[in-house]
Amino acid sequence: MLSKLNKFFSSVKLAIILFILIAAVSIVGTIIDQGDTISQYKIIYGNNVFHILYWLGFLNIYNSWYFIGLAALLILTLIVSSANRTPKIIKEIINPDLSFDTALQKKRFKAQYITLQSSKNTEELLTFAEKAFRKNFGNPIKDIRNKKDNKTGSLFYSKNSIFRISPIIAHLGALVVLTGVILSAVLGYRSYTNIKVGQTIQHSYLLKNNKPVLLPFKIKLDNYVSKYYKDGMPKAYISTLTIMKKHIGVLTKTIRVNHPLTYDGITIYQASFGHYKPTAARILVLNLKLKNKKNKKALIYATPGKIYNSKINNIKFSFNFFKKPKKNSIPFYISIIKNNKKIGPPLIFQELPYKTKKGNMPLFFTKYNNNIAFIFAGVKTYYYSGVEITKNVDTDIVWIGSAILIFALFFSFFFNQQSLWIRVTPSEPSEKDKTNKIEILAIPHKKFASFYSMIDKNADEFKKNI
Amino acid sequence: MIHINASILDGSFYFTISFLMIILSFLGYFLYIFTENKLFSMASFIIVITAFALQTFAFIIRWRYSYHIGIDLPPLTDLYDSLVFFAYVILLGFILLKLFYNFDSLGFIMTFIAMASMAFATISPLATSAIEPSIPALRSYWLLYHIISLFLAYGAFAASFGIAILFLIKYKQIHNPKKSKNINQAANKANPLKFLSILYYPFILLYRQFIKLSPPIETLDEAIYKVVVFGFLFLSIGIVIGAAWADNAWGGYWSWDPKETWSLITWITYAIFIHARLTKGWNEKKMAWIAVIGFAVVIFCYLGVDLIIPGLHSYATPGSTPIL
Ligand code: HEM
């Protein structure tokens, strides 16, 4: 039973089937957007289809039980097949089976087997053979010659046999990578959050399921700027962040894409930026009567419809939009309020021939009774910086595994084992003309045409001499 | 409106000239296939080498120009550059293969792929040769190594596809001689006056000539394997560099972005190829088929994902808002 399971899990066929299934599941994950919100899915697919997709696990497919299960099975086959084959291969490398006959039987389908006849003696023939094959095979690792009667003899060559461990190391590398992946999935997290300029946050949301995580410190966004090329393409997004512990800033640093900030095992990356829909107008209130400059103006962020105190003669005002704005006219106005009552017609704005310093936006102006002037100076926008917050786990293990894998791939692919036997046996004494039988058996690890033609070429050279 | 990409300043003019040269070499290989006259294939190969040299020159011009206008990175990020680079590695791959194996019939397929890529780059409205600054995430030297390894892999997979096509044609003839005889007969019988036979006659002729001019099937089999494993090695390197870069830039080495996922699928396809050799009953023919399918996966990973599924790595939407 155990040996059957063992055989099942070390079969390359199973590995190929698992590879195909993993690829198929991955394709589904690229067709259906992963990680959207439920309401987005309901808009895209409709309620019923959404429920089916949800039930199938298609909306978070790379965390589904079957995807993880397939990966686990692949890891299992990797382990079982390596464990099964490694001792055998190491034994073969250290202590190769040099027997001509077993090799001939076992590797028949790959072997190049040539027989020749010659009347020359064994010693001579083997010397010629050594010469012919030296260029491609070097020196024989085993040389048996029966010096006394000079009748039988054989040579055994083996090239690159040590590189038979490279596939084993490649599989080991793959296992190390997968182990690293599992570790970082279990121990770390990736999350994101948006921070408004001036805001302090302590929660972030997991990328995979939007669940909040509590960070071990608070993060305040001090400032955010985007830099642009001349043609308007963004060049850099730069956020200035302060890490706060117990209300004390412990570290202030700017981050931008490719240049994150790491604190306490947690790394904060600049990911995106944006602004919330503007909710307030910037209204500059000027006291036209006052000569003294100090209290002359005040900046008020006015949310439409709300009442604000101008602090001038106890006059209150509100900022409003016209319900049905006329074409080509300014769509907002100021109402003056006294004793909770709107008085007078709406104050219509006019465009001033100046622009704001910062955004180069037009300024709009209106006044009340030559007492107060209101200047509309754009809207108040809250920029936010989108950051990704990652709990770092040592990913080094992934990189080490990758390096092992890539090196071993190189050696697996380009250094192949090749074995060669040459055996000379005298013909039966009963036969009349006394000739020697020469057998050449060449076995590559991979069936390459170039190997066989190389053997043929060497054998031809050998033939010329005998 | 169709706009031909050609400007001396940014180097695209030279690419356009090299495109014309590739068309010429393709025609040369076409003539070679039908006439079997070695002169044509030799001339074509010389043109291919010249086109390759011209493209090298054009890349240098383009790189210098991009530094000149203040973009401190080699221009490899948009669709135009990437298509041109794709054609470039395909020519390189073909030149190397030709030196090792002396495949003339492969020239027909390889120059065709390079030509298609150059045509897309030169004529398609999606591909513009203007060098545009890239989004902040791409402003990194990791990018250079990431793209170069992946394109070496793509080029190798394109070559293995070409060889696998030759293999499959040859295999069919060897293992199914009756059928190919029928095709021969059909070719002989084909009446040029009949409209249908005019349509398929050239293909039958092409098929026959391929059988005649291709190297032995064992050589093709070996070449497919060697080219694929070369590609697999560089695909692995490219994916690892991309992952290390992503880890460095935004905190996760893998985020199942469609392009990433498709590169994994490509990797898996060729991992199956490598292991198929070890499974009883999966002969060389199956491996050649995997090489053909693998290239379709590569093309989807390279272009299909961008044109169909937008994501991090989009080539097709120049200047699109950065979605990181
Ligand atoms: C997950 C990633 C895997 C990678 C990167 C990988 C890589 C490789 C490589 C490079 C070779 C050498 C092929 C050659 O030289 O032509 C190989 C051979 C092999 N692989 Fe895998 N493999 C993986 C998974 C598996 C799995 C799951 C199995 C399970 C049965 C498996 C079984 C084998 C066997 C039996 C060989 C033959 C080794 C030999 O030629 O001595 N591999 N693999």
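The values are calculated or read from the model by the stated rules, or taken from the named source; none is laboratory data. Model, not experiment: these values are computed from the prediction. Quick reminder, even Gly has a Cβ in these numbers, built from the backbone with ideal geometry, and neighbours come from all protein chains shown.
Structural remarks
- Within segment A:441-465, residues that are within 14 Å of another protein chain (Cβ to nearest Cβ) have Cβ atoms under 8 Å from residues that are among the basic types (K, R) in these pairs: A:P444/A:K110; A:H445/A:R164; A:K446/B:R277; A:K447/A:K110, counting only partners at least 6 apart in sequence or on another chain.
- Residue, farthest from the chain's Cα centre (by Cα), within segment A:190-208, restricted to residues that are crowded, with 19+ Cβ neighbours inside 10 Å and either within 12 Å of chain B (Cβ to nearest Cβ) or among the basic types (K, R) (or both): A:S204
- Residue ranges of strands (runs of 3 or more DSSP E) in segment A:276-325 with at least 1 members without any contact (Cβ under 8 Å) to a residue 40 or more places away in the chain: A:297-302, A:307-309, A:316-321
- Top-ranked residue of segment B:252-283 - restricted to ones that are hydroxyl-bearing (S, T, Y) and at the interface with another protein chain (Cβ under 8 Å from one of its Cβ atoms), ranked as farthest from B:L235 (Cα to Cα): B:T279
- Residue check, A:Y382 surrounded by 15 or more Cβ atoms within 10 Å (Cβ to Cβ) and aromatic (F, W, Y): yes
- With respect to the stated conditions, A:T86 is farther than 30 Å from A:I440 by Cβ, within 16 Å of the ligand (Cβ to nearest atom), touching a residue at least 24 places away in the same chain (Cβ under 8 Å) and more than 14 Å from chain B (Cβ to nearest Cβ).
- Residues considered: B:I272, B:I239. Of these, the only one that is buried (at least 20 other Cβ atoms within 10 Å of the Cβ), in contact with a Ser or Thr (Cβ under 9 Å, 6 or more places away or on another chain) and under 21 Å from A:A71 (Cα atoms) is B:I239.
- Filtering A:A302, A:A298 for residues that are more than 14 Å from chain B (Cβ to nearest Cβ), small (G, A, S) and in contact with a Phe, Trp or Tyr (Cβ under 9 Å, 6 or more places away or on another chain) leaves a single hit, A:A302.
- When every residue of segment A:431-448 is checked against the conditions, none turns out to be within 16 Å of the ligand (Cβ to nearest atom), surrounded by fewer than 17 Cβ atoms within 10 Å (Cβ to Cβ) and of a type in the set (A, V, I, L, M).
- Number of positions in segment A:125-141 that are crowded, with 16+ Cβ neighbours inside 10 Å and either outside the structural domain of A:S154 (by TED's automatic domain parsing) or within 21 Å of A:T435 (Cβ to Cβ) (or both): 6
- Residue check, A:F273 surrounded by 13 or more Cβ atoms within 10 Å (Cβ to Cβ) and at pLDDT below 85: yes
- Of the residues in segment A:227-235, not one is modelled with pLDDT of 80 or more and within 14 Å of chain B (Cβ to nearest Cβ).
- Single residue of segment B:271-322 satisfying the filter (over 21 Å from the mean Cα position of the chain (by Cα) and within 14 Å of the ligand (Cβ to nearest atom)) that is modelled with the lowest pLDDT: B:W282
- Which listed residue is away from chain B (no Cβ under 12 Å), within 23 Å of the chain's Cα centre (by Cα) and either within 16 Å of the ligand (Cβ to nearest atom) or over 30 Å from A:E123 (Cβ atoms) (or both), from A:K211, A:K218, A:K245: A:K211
- Hey, A:A129 in contact with a strand residue (DSSP E or B) (Cβ under 6 Å, 6 or more places away or on another chain) and not in a loop (DSSP other than H, G, I, E, B) or not: yes
- Within segment B:215-247, the set of residues being facing another protein chain (nearest Cβ under 7 Å) and over 20 Å from B:E284 (Cα atoms) comprises B:L233, B:S236, B:I237, B:V240, B:A244, B:D247.
- Residue within segment B:245-261 that is under 17 Å from the mean Cα position of the chain (by Cα) and either modelled with pLDDT under 75 or within 21 Å of A:Y62 (Cα to Cα) (or both) present: no
- Listed conditions (1) surrounded by fewer than 18 Cβ atoms within 10 Å (Cβ to Cβ); (2) of a type in the set (S, T, Y); (3) within 16 Å of the ligand (Cβ to nearest atom) are all met by A:Y452, apart from (3).
- Scanning segment A:59-83 for residues that are within 14 Å of another protein chain (Cβ to nearest Cβ), more than 12 Å from the ligand (Cβ to nearest atom) and modelled with pLDDT of 90 or more returns A:F67, A:I68.
- For A:G29, the stated conditions do not hold, so it cannot be described as away from the ligand (no atom under 16 Å from the Cβ) and on the phi > 0 side of the Ramachandran plot.
- Only listed residue being hydrophobic (A, V, I, L, M, F, W, C) and surrounded by fewer than 17 Cβ atoms within 10 Å (Cβ to Cβ), chosen from A:I348, A:I315, A:I372: A:I348
- All of (1) part of a loop (DSSP other than H, G, I, E, B); (2) within 16 Å of the ligand (Cβ to nearest atom); (3) of a type outside the set (D, E, K, R) hold for A:P167 with one exception: (1).
- Pairs, first away from chain B (no Cβ under 14 Å) in segment A:153-181, second of a type in the set (D, E, K, R) and within 13 Å of the ligand (Cβ to nearest atom), C-beta under 8 Å, six or more apart: A:S161/A:E92
- Count of segment A:9-25 residues which are more than 10 Å from the ligand (Cβ to nearest atom) and free of Cβ contacts under 8 Å to residues at least 12 places away in the same chain: 4
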